[in-house]
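FYI, it's all coordinate maths here, none of it is from the lab. Predicted, not measured: the structure shown is a model, and the values here were computed from it. Counting neighbours? That spans all protein chains shown, and the Cβs are built from the backbone with ideal geometry, glycine included.
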Amino acid sequence: MSTDLNLWLIVGAALSGIAAILHVCIIFGGAPWYRFFGAGERMARASERGNWQPTVVTASIAFVLFVWAAYALSGAGAALPLPLTKVALIGITSVYMLRGLLFIPILVANRQQVTQFAVWSSIICLGYGLVHLLGTFQVWHNL
């Protein structure tokens, strides 16, 4: 571990970790949580019926977010180096940025389908992406 830790990627790791924990909480919160966090009525009803799919999908997302947090910590110099850290950080940043920016064409194409959840989740993802972008840019030469 380096003494020169990258604050942006540490923040990025924390954000991904918080999102992962939130997804775990949604599993335990059940249908009301699926509804509140915008997963859709279909997921909420499936959760109410005891269907395994919402749990598997949400747990998978949580797992990916935990892995992303680990890669951000690795890139920040706060954890042991992970394989393909540079590639992973590019991918993580790209996914967050694309998720945040995909809101724009949806807004232009069909305003009726835009929910408050879509607006806020897009802004949040764009923010996560920018944090990862800044951190990755700063540590690029060390990766």
With unit charges on the beta carbons (Lys and Arg positive, Asp and Glu negative) and the dipole taken about the Cα centre of the chain, which residue among 112, 129, 93 sits farthest to the positive side? 112
Quick one: angle between helix 53-76 and the longest Cα principal axis of the chain, in degrees between 0 and 90, rounded to 10, please. 20 degrees
Per residue of the range 94-108, in order, report the coupling 6.51 cos²θ - 1.76 cosθ + 1.60 (Karplus, θ = phi - 60°) as ³J(HN,Hα) in whole Hz, putting x for Gly and Pro. 4, 5, 4, 5, 5, 4, x, 7, 5, 4, 4, x, 5, 4, 5
Tell me the angle of helix 7-29 to the major Cα principal axis of the chain, expressed in degrees between 0 and 90 and rounded to the nearest ten. 30 degrees
Protection proxy ranking, peptides 85-93, 11-19, 49-57, average beta carbon neighbours within 10 Å, highest first: 11-19, 85-93, 49-57
Taking alpha-carbon centroids only, the range 86-143 lies from the range 56-80 a number of Å equal to 16 Å
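Under the classification rounded if a/c is under 1.5, otherwise prolate if a/b is larger than b/c and oblate if not, where does the range 43-106 fall, given a ≥ b ≥ c as square roots of the Cα gyration tensor eigenvalues? Intermediate results must be reported in sequence, preceding the final value.
Values: a/c = 3.95, a/b = 1.56, b/c = 2.53.
Since a/c reaches 1.5 but b/c is at least a/b, the shape of the range 43-106 is classed as oblate.
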Given the rule -39500 (n - 2.57) for each run of at least 4 DSSP H residues, summed and divided by the residues of the chain, what is its mean residue ellipticity at 222 nm, to the nearest 500 deg cm²/dmol? -25000 deg cm²/dmol
Highest average packing first - 33-41, 110-118, 74-82, Cβ atoms within 10 Å: 74-82, 33-41, 110-118
What size of dipole, in debye to the nearest 20, comes out for the chain about its Cα centre when the only charges are +1 on Lys and Arg C-beta atoms and -1 on Asp and Glu C-beta atoms? 360 debye
Could you tell me which of rounded, prolate or oblate describes the range 7-142, using a ≥ b ≥ c as the square roots of the eigenvalues of the alpha-carbon gyration tensor, with rounded for a/c under 1.5 and, failing that, prolate when a/b is larger than b/c and oblate otherwise? oblate
Angle check, please: helix 116-139 long axis (alpha carbons) against the longest principal axis of the chain (alpha carbons), in degrees 0 to 90, nearest 10. 10 degrees
